[in-house]
Amino acid sequence: MKIFKPTTPSRRGMTGIDFSLLTKKRAEKSLLKYVRRSVGRSKASGRITVRHKGGGVKRMYRIIEFSQTKMDSPANVIALEYDPNRTGFIALIEYTDNVKQYIIAPQGLKVGDSIIFSQKAPLTPGNRTALKNISVGTNVYNIELEPGKGGILVRSAGSAAQVLAQENGFTNLKMPSSEVRKVKDECFATIGMVSNPENRFYRIGKAGKSRLKGRRPHVRGSAMNPVDHPHGGGEGRQPIGLKHPKTPWGLPALGVKTRYKKKWTNKYIISRRKKK
(Lines give C-alpha, C1' and ligand atoms only; values in the text may rest on other atoms or scores of the structure.)
Protein backbone atom coordinates (compact mmCIF):
# COMPACT_ATOMS: atom_id res chain seq x y z
CA MET A 1 0.00 0.00 0.00
CA LYS A 2 1.33 3.43 -0.97
CA ILE A 3 0.65 6.36 1.37
CA PHE A 4 1.01 9.82 -0.14
CA LYS A 5 2.27 12.96 1.59
CA PRO A 6 -0.42 15.64 2.06
CA THR A 7 1.02 18.05 -0.50
CA THR A 8 -2.51 19.01 -1.63
CA PRO A 9 -5.97 18.66 -0.02
CA SER A 10 -6.79 15.69 -2.27
CA ARG A 11 -3.52 13.96 -1.37
CA ARG A 12 -4.37 14.07 2.33
CA GLY A 13 -5.67 10.61 3.21
CA MET A 14 -5.14 9.28 -0.33
CA THR A 15 -3.69 5.78 -0.63
CA GLY A 16 -2.64 3.74 -3.64
CA ILE A 17 -2.06 0.11 -4.56
CA ASP A 18 1.55 -1.08 -4.60
CA PHE A 19 2.22 -2.50 -8.08
CA SER A 20 5.95 -3.06 -7.53
CA LEU A 21 5.44 -6.84 -7.17
CA LEU A 22 3.87 -7.13 -10.63
CA THR A 23 5.74 -8.06 -13.80
CA LYS A 24 6.69 -5.10 -15.97
CA LYS A 25 5.26 -6.26 -19.30
CA ARG A 26 2.35 -5.55 -21.61
CA ALA A 27 -0.78 -7.69 -21.40
CA GLU A 28 -0.85 -10.85 -23.53
CA LYS A 29 -2.37 -9.69 -26.84
CA SER A 30 -4.01 -13.03 -27.67
CA LEU A 31 -5.95 -12.91 -24.38
CA LEU A 32 -7.38 -9.41 -24.87
CA LYS A 33 -10.68 -8.37 -26.37
CA TYR A 34 -12.68 -5.15 -26.53
CA VAL A 35 -16.04 -5.20 -24.76
CA ARG A 36 -18.38 -2.31 -25.44
CA ARG A 37 -19.63 -0.88 -22.15
CA SER A 38 -23.22 0.20 -21.72
CA VAL A 39 -22.19 3.01 -19.29
CA GLY A 40 -25.57 2.90 -17.57
CA ARG A 41 -27.73 3.14 -20.70
CA SER A 42 -30.20 0.64 -22.13
CA LYS A 43 -29.04 -0.92 -25.38
CA ALA A 44 -32.61 -0.88 -26.68
CA SER A 45 -33.64 2.70 -26.00
CA GLY A 46 -30.39 4.44 -25.15
CA ARG A 47 -31.96 5.93 -22.03
CA ILE A 48 -30.17 6.05 -18.69
CA THR A 49 -31.27 3.01 -16.67
CA VAL A 50 -28.48 3.11 -14.05
CA ARG A 51 -27.59 6.51 -12.67
CA HIS A 52 -24.13 7.91 -11.98
CA LYS A 53 -22.34 5.94 -14.69
CA GLY A 54 -20.56 7.23 -17.78
CA GLY A 55 -17.20 8.24 -19.19
CA GLY A 56 -14.10 6.58 -17.82
CA VAL A 57 -10.92 5.50 -19.52
CA LYS A 58 -11.04 2.85 -22.25
CA ARG A 59 -9.83 -0.58 -21.23
CA MET A 60 -9.45 -3.99 -22.78
CA TYR A 61 -11.02 -7.07 -21.21
CA ARG A 62 -8.64 -9.84 -20.13
CA ILE A 63 -9.98 -13.34 -20.92
CA ILE A 64 -9.76 -15.15 -17.59
CA GLU A 65 -9.87 -18.92 -17.15
CA PHE A 66 -12.48 -19.32 -14.39
CA SER A 67 -12.98 -23.03 -15.14
CA GLN A 68 -10.55 -25.93 -15.68
CA THR A 69 -10.28 -26.58 -19.41
CA LYS A 70 -6.83 -28.19 -19.19
CA MET A 71 -6.86 -30.89 -16.53
CA ASP A 72 -3.84 -32.80 -15.18
CA SER A 73 -1.41 -30.58 -17.08
CA PRO A 74 1.09 -28.55 -15.01
CA ALA A 75 1.59 -24.90 -15.90
CA ASN A 76 4.24 -22.35 -14.97
CA VAL A 77 3.49 -18.81 -13.81
CA ILE A 78 5.31 -16.47 -16.20
CA ALA A 79 3.86 -13.11 -15.09
CA LEU A 80 1.75 -11.36 -12.47
CA GLU A 81 -0.29 -8.53 -13.97
CA TYR A 82 -2.80 -5.79 -13.17
CA ASP A 83 -6.35 -6.15 -14.47
CA PRO A 84 -8.41 -2.95 -14.78
CA ASN A 85 -11.64 -4.97 -14.69
CA ARG A 86 -11.23 -6.45 -11.19
CA THR A 87 -9.71 -5.65 -7.81
CA GLY A 88 -7.46 -8.71 -7.54
CA PHE A 89 -4.33 -9.29 -9.61
CA ILE A 90 -4.14 -11.89 -12.38
CA ALA A 91 -1.43 -14.39 -13.32
CA LEU A 92 -0.34 -15.43 -16.80
CA ILE A 93 0.34 -19.18 -16.91
CA GLU A 94 1.87 -21.29 -19.68
CA TYR A 95 1.38 -25.03 -20.18
CA THR A 96 3.92 -27.46 -21.58
CA ASP A 97 2.24 -27.20 -25.01
CA ASN A 98 2.82 -23.39 -24.99
CA VAL A 99 -0.87 -22.57 -24.42
CA LYS A 100 -1.26 -19.47 -22.27
CA GLN A 101 -4.13 -18.52 -19.94
CA TYR A 102 -4.95 -15.86 -17.40
CA ILE A 103 -6.13 -16.90 -13.94
CA ILE A 104 -7.03 -14.95 -10.80
CA ALA A 105 -3.80 -14.86 -8.83
CA PRO A 106 -3.83 -16.10 -5.22
CA GLN A 107 -1.97 -14.28 -2.48
CA GLY A 108 1.64 -15.48 -2.30
CA LEU A 109 1.91 -16.78 -5.88
CA LYS A 110 5.23 -15.89 -7.52
CA VAL A 111 6.68 -15.93 -11.02
CA GLY A 112 8.22 -19.34 -11.67
CA ASP A 113 5.78 -21.27 -9.47
CA SER A 114 4.01 -24.30 -10.90
CA ILE A 115 0.24 -24.93 -10.61
CA ILE A 116 -2.09 -27.69 -11.77
CA PHE A 117 -5.84 -28.28 -12.18
CA SER A 118 -6.50 -31.87 -11.11
CA GLN A 119 -8.56 -34.13 -8.87
CA LYS A 120 -5.30 -35.07 -7.14
CA ALA A 121 -3.79 -31.58 -6.98
CA PRO A 122 -1.75 -30.72 -3.86
CA LEU A 123 -3.44 -28.21 -1.54
CA THR A 124 -1.09 -25.33 -2.39
CA PRO A 125 -2.15 -21.80 -3.46
CA GLY A 126 -3.16 -21.61 -7.12
CA ASN A 127 -3.97 -25.30 -7.59
CA ARG A 128 -7.56 -26.17 -8.50
CA THR A 129 -9.42 -29.30 -7.45
CA ALA A 130 -12.88 -30.58 -6.48
CA LEU A 131 -14.26 -29.47 -3.11
CA LYS A 132 -14.56 -33.09 -1.94
CA ASN A 133 -10.75 -33.38 -2.10
CA ILE A 134 -10.12 -30.29 0.05
CA SER A 135 -9.56 -30.75 3.76
CA VAL A 136 -11.56 -28.93 6.42
CA GLY A 137 -10.18 -25.51 7.36
CA THR A 138 -8.67 -24.78 3.93
CA ASN A 139 -9.28 -21.39 2.29
CA VAL A 140 -10.64 -21.46 -1.27
CA TYR A 141 -11.82 -18.97 -3.90
CA ASN A 142 -13.24 -18.89 -7.46
CA ILE A 143 -15.82 -21.51 -6.50
CA GLU A 144 -18.26 -23.18 -8.90
CA LEU A 145 -21.97 -23.50 -8.14
CA GLU A 146 -22.56 -26.10 -10.84
CA PRO A 147 -19.85 -28.64 -11.83
CA GLY A 148 -17.99 -27.59 -14.98
CA LYS A 149 -19.62 -24.16 -15.35
CA GLY A 150 -16.69 -22.14 -13.98
CA GLY A 151 -16.15 -20.29 -10.74
CA ILE A 152 -18.50 -17.42 -9.87
CA LEU A 153 -18.17 -17.15 -6.07
CA VAL A 154 -15.40 -15.38 -4.10
CA ARG A 155 -13.37 -13.56 -6.76
CA SER A 156 -12.71 -10.08 -5.33
CA ALA A 157 -9.41 -8.90 -3.84
CA GLY A 158 -8.43 -10.44 -0.50
CA SER A 159 -11.51 -12.66 -0.27
CA ALA A 160 -11.62 -16.36 0.62
CA ALA A 161 -14.17 -18.96 1.73
CA GLN A 162 -13.38 -21.59 4.35
CA VAL A 163 -14.24 -25.28 4.09
CA LEU A 164 -16.17 -26.22 7.25
CA ALA A 165 -17.41 -29.78 6.60
CA GLN A 166 -17.96 -32.56 4.05
CA GLU A 167 -21.31 -34.36 4.25
CA ASN A 168 -23.84 -36.15 2.00
CA GLY A 169 -22.34 -35.03 -1.32
CA PHE A 170 -22.08 -31.39 -0.26
CA THR A 171 -19.32 -29.18 1.13
CA ASN A 172 -20.19 -26.59 3.77
CA LEU A 173 -18.47 -23.28 3.06
CA LYS A 174 -18.20 -20.17 5.19
CA MET A 175 -18.39 -17.28 2.72
CA PRO A 176 -16.59 -13.93 3.14
CA SER A 177 -19.93 -12.42 4.22
CA SER A 178 -20.03 -14.97 7.13
CA GLU A 179 -22.91 -16.84 5.42
CA VAL A 180 -22.60 -20.62 5.63
CA ARG A 181 -23.93 -22.50 2.62
CA LYS A 182 -23.76 -25.92 0.97
CA VAL A 183 -22.12 -26.44 -2.43
CA LYS A 184 -21.98 -29.71 -4.39
CA ASP A 185 -18.68 -31.41 -3.58
CA GLU A 186 -18.02 -32.13 -7.27
CA CYS A 187 -17.64 -28.39 -7.93
CA PHE A 188 -14.10 -27.12 -8.37
CA ALA A 189 -12.43 -24.37 -6.36
CA THR A 190 -8.97 -22.82 -6.24
CA ILE A 191 -6.81 -23.14 -3.13
CA GLY A 192 -5.80 -19.96 -1.31
CA MET A 193 -6.98 -16.37 -1.01
CA VAL A 194 -7.37 -13.82 -3.81
CA SER A 195 -4.37 -11.50 -4.18
CA ASN A 196 -4.21 -7.79 -3.32
CA PRO A 197 -5.77 -7.95 0.17
CA GLU A 198 -4.73 -4.34 0.80
CA ASN A 199 -7.40 -3.18 -1.64
CA ARG A 200 -9.77 -2.74 1.31
CA PHE A 201 -7.61 0.20 2.48
CA TYR A 202 -7.57 1.89 -0.94
CA ARG A 203 -8.74 5.54 -0.82
CA ILE A 204 -9.47 7.33 -4.09
CA GLY A 205 -8.81 10.77 -2.58
CA LYS A 206 -10.29 12.99 -5.30
CA ALA A 207 -13.24 13.21 -7.65
CA GLY A 208 -11.08 13.10 -10.77
CA LYS A 209 -10.03 9.53 -10.03
CA SER A 210 -13.69 8.52 -9.74
CA ARG A 211 -14.42 10.00 -13.17
CA LEU A 212 -11.57 7.95 -14.67
CA LYS A 213 -13.26 4.83 -13.27
CA GLY A 214 -16.53 5.74 -15.01
CA ARG A 215 -18.36 7.05 -11.95
CA ARG A 216 -20.31 10.28 -12.40
CA PRO A 217 -21.15 12.72 -9.56
CA HIS A 218 -23.71 11.58 -7.02
CA VAL A 219 -26.09 14.26 -5.68
CA ARG A 220 -27.59 13.75 -2.22
CA GLY A 221 -31.35 13.36 -2.14
CA SER A 222 -31.60 15.79 0.79
CA ALA A 223 -30.09 18.49 -1.43
CA MET A 224 -32.92 18.13 -3.99
CA ASN A 225 -36.44 19.50 -4.14
CA PRO A 226 -39.41 17.41 -2.93
CA VAL A 227 -40.51 16.86 -6.54
CA ASP A 228 -37.17 15.21 -7.33
CA HIS A 229 -36.57 13.02 -4.27
CA PRO A 230 -38.45 11.84 -1.14
CA HIS A 231 -35.60 13.25 0.99
CA GLY A 232 -35.80 16.70 -0.58
CA GLY A 233 -37.29 19.95 0.65
CA GLY A 234 -37.09 22.07 3.79
CA GLU A 235 -35.44 25.39 4.52
CA GLY A 236 -31.70 25.04 4.93
CA ARG A 237 -30.09 21.76 5.84
CA GLN A 238 -32.81 19.48 7.21
CA PRO A 239 -33.08 15.77 8.10
CA ILE A 240 -34.88 13.56 5.58
CA GLY A 241 -38.07 13.60 7.65
CA LEU A 242 -38.70 9.88 7.23
CA LYS A 243 -38.40 6.91 9.54
CA HIS A 244 -36.38 5.00 6.94
CA PRO A 245 -34.51 6.29 3.86
CA LYS A 246 -36.01 5.79 0.40
CA THR A 247 -34.82 5.62 -3.19
CA PRO A 248 -35.80 8.41 -5.65
CA TRP A 249 -38.77 6.21 -6.62
CA GLY A 250 -40.07 5.83 -3.06
CA LEU A 251 -38.84 2.28 -2.40
CA PRO A 252 -37.03 1.34 0.85
CA ALA A 253 -33.25 1.79 0.76
CA LEU A 254 -30.16 1.02 2.89
CA GLY A 255 -30.22 -2.27 4.76
CA VAL A 256 -33.37 -3.71 3.19
CA LYS A 257 -33.20 -7.40 2.24
CA THR A 258 -33.56 -7.82 -1.52
CA ARG A 259 -33.24 -11.60 -1.85
CA TYR A 260 -36.40 -13.38 -3.06
CA LYS A 261 -37.85 -15.13 -0.02
CA LYS A 262 -38.94 -18.23 -1.97
CA LYS A 263 -35.76 -18.62 -4.03
CA TRP A 264 -35.14 -22.32 -4.68
CA THR A 265 -31.51 -22.17 -3.52
CA ASN A 266 -32.55 -21.12 0.00
CA LYS A 267 -32.36 -24.79 1.00
CA TYR A 268 -28.58 -24.67 0.52
CA ILE A 269 -28.07 -21.80 2.99
CA ILE A 270 -27.34 -23.12 6.49
CA SER A 271 -26.72 -19.80 8.24
CA ARG A 272 -27.43 -16.27 7.03
CA ARG A 273 -24.77 -13.60 7.11
CA LYS A 274 -24.43 -11.59 10.29
CA LYS A 275 -25.77 -8.05 10.34
CA LYS A 276 -23.14 -5.38 10.87
Requested in this report: Could you identify the single residue in Asn76, Asn85 that is in contact with an Asp or Glu (Cβ under 9 Å, 6 or more places away or on another chain) and either surrounded by 11 or more Cβ atoms within 10 Å (Cβ to Cβ) or free of Cβ contacts under 8 Å to residues at least 24 places away in the same chain (or both)?
Outcome: Asn76
**Report entry** Subset of region 226-267 that is among the hydroxyl-bearing types (Ser, Thr, Tyr) and part of a loop (DSSP other than H, G, I, E, B) - its residue that is modelled with the lowest pLDDT
**Finding:** Thr258
Query - Selected residue [closer than 16 Å to Ile104 by Cα, touching a residue at least 40 places away in the same chain (Cβ under 8 Å) and among the hydroxyl-bearing types (Ser, Thr, Tyr)] from Ser67, Ser30 - result: Ser67
Report task. Give the residues of region 100-122 that are of a type in the set (Phe, Trp, Tyr) and over 16 Å from Tyr141 (Cα atoms), sorted by residue number. Result -> none
Query raised in the report: For Gln68, are the conditions met, namely being part of a strand (DSSP E or B), polar (S, T, N, Q), under 25 Å from Ala160 (Cβ atoms) and under 20 Å from the mean Cα position of the chain (by Cα)?
Result: no
Query raised in the report: Within region 39-50, can one find any residue that is closer than 24 Å to Leu92 by Cβ, under 22 Å from the mean Cα position of the chain (by Cα) and loosely packed, with under 14 Cβ neighbours inside 10 Å?
Result: no
Report summary line: Exception for Ile270 within (1) under 30 Å from Val163 (Cα atoms); (2) assigned to a loop (DSSP other than H, G, I, E, B) falls at (2)
Query - The one condition in (1) farther than 30 Å from Leu164 by Cβ; (2) basic (Lys, Arg); (3) surrounded by fewer than 13 Cβ atoms within 10 Å (Cβ to Cβ) that Arg215 fails to fulfil - result: (3)
Query raised in the report: If you go through region 28-59, how many residues are of a type in the set (A, V, I, L, M, F, W, C), more than 30 Å from Cys187 (Cα to Cα) and either touching a helix residue (DSSP H, G or I) at 6+ places or on another chain (Cβ under 8 Å) or outside any strand (DSSP E or B) (or both)?
Result: 4
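The values are calculated or read from the model by the stated rules, or taken from the named source; none is laboratory data. Quick caveat: nothing in here was measured; it's all calculated off a predicted structure. Glycine gets a Cβ as well: all are built from the backbone with ideal geometry, and neighbour counts include every protein chain shown.
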